[in-house]
Each structure stands twice: as C-alpha cells, then as structure tokens.
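Computed from the coordinates by the stated procedures, all read-outs in this text should not be read as laboratory data. From a predicted model like this one, the values you see are computed outputs, not experimental measurements. Here the Cβ positions follow ideal geometry from the backbone for every residue, glycine too, while neighbour counts run over all protein chains shown.
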Amino acid sequence: MRIVFRKKTVKGFLFTIILPVLILQVNTWHQPVITPITSKQTVLAEEELNISPMQASGYSTIIWSSLASSELNITLLDVAGHTVLSRQYPLRKGVNELLLTNLETLPAGLYFVKAVDGAQHRNGKLIVDHTL
C-alpha cells in the first residue's frame with residue numbers, strides 16, 4: 001500500500017491511498033473518489049526462470065535460451081534480500097543447461113534467483129532442503 005499524505009489542490013488538500021486493486025481518494029470535504037487500477041501485460045513482461053528441481057539439496061539445473069554467445073550472471077538472494085551466492089556462466093547461442101552446484105553449503109530455506117545476460121533477465125525461486 002502506498003499513501004500520499006497530502007497533495008494540495010486549488011480548494012484544500014487531497015489525501016490518496018493506493019491499494020493493489022483500486023485508488024481511494026478523499027478530499028477535504030470527505031467525498032470519496034474511487035478509481036480502479038488496471039494493468040496490461042506486454043511482450044516485455046518478465047518470464048519465469050526455468051529451474052529444475054526447484055527443491056534441491058546439492059545442485060539444480062537452470063535452462064537458458066540465448067540469442068547469442070554471452071555471459072549469464074546468477075545471483076541467489078535470501079528472504080531478507082541479501083546476496084548469498086553469485087556465479088557467472090558462459091553462454092552459447094541456443095539452449096544452455098547450467099548446473100548450479102554446492103547448494104549444500106547454504107542454509108535450508110527459500111531463495112530468490114536472479115538471472116541476467118544483458119539482453120534479458122528472469123527471476124525464479126529455489127528451495128534448499130537438506131532432507132532430500
């Protein structure tokens with residue numbers, strides 16, 4: 001939720017509260033104005049990162065399609081947003097299978113995976129489970 005505390009208008013103040021689905025505005029005369037928020041998905045929308053298995057103990061595989069030879073940067077973030085692992089992989093044109101190893105060195109839990117190759121970026125989730 002985002003709150004804009006005061007926005008001065010010609011005849012008083014306008015208070016705005018933005019919720020995920022609608023915008024509720026109340027002016028100084030206590031008259032509510034409700035505006036729905038609409039979203040539109042574009043072709044540039046972010047795709048899900050292909051990670052298998054998503055629940056792993058020692059390693060996981062990332063499938064990445066590249067239009068040209070480049071380098072893929074993988075970053076694992078814990079739930080607090082701290083970087084716990086960072087790797088670089090060379091990419092060839094086409095489909096690449098990249099092995100993310102040494103996951104047993106991480107504490108068990110949920111991690112967010114960011115993958116960037118310069119032309120595209122994807123995010124995914126990985127669960128490290130040492131009981132597998």
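At-a-glance table
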{"quantity": "Computed label-point distance, nm, for sites Lys93 and Ile63 using a 7 Å Cα→Cβ extension", "calculated": "2.2 nm"}
{"quantity": "Length added when fully stretched, Phe112-Ala80, from 0.36 nm per residue minus Cα-Cα", "calculated": "10.5 nm"}
{"quantity": "Cβ-based net charge around Gln88, under 12 Å, with every Lys or Arg adding one and every Asp or Glu removing one", "calculated": "-1"}
{"quantity": "Antiparallel DSSP beta bridges within region 48-128, percent to nearest 5", "calculated": "90 percent"}
{"quantity": "Most to least packed among 122-128, 104-110, 94-100 [average Cβ atoms within 10 Å]", "calculated": "122-128, 94-100, 104-110"}
{"quantity": "Total formal charge among the other residues, if their Cβ is under 13 angstrom from that of Leu67, Lys/Arg +1 and Asp/Glu -1", "calculated": "+1"}
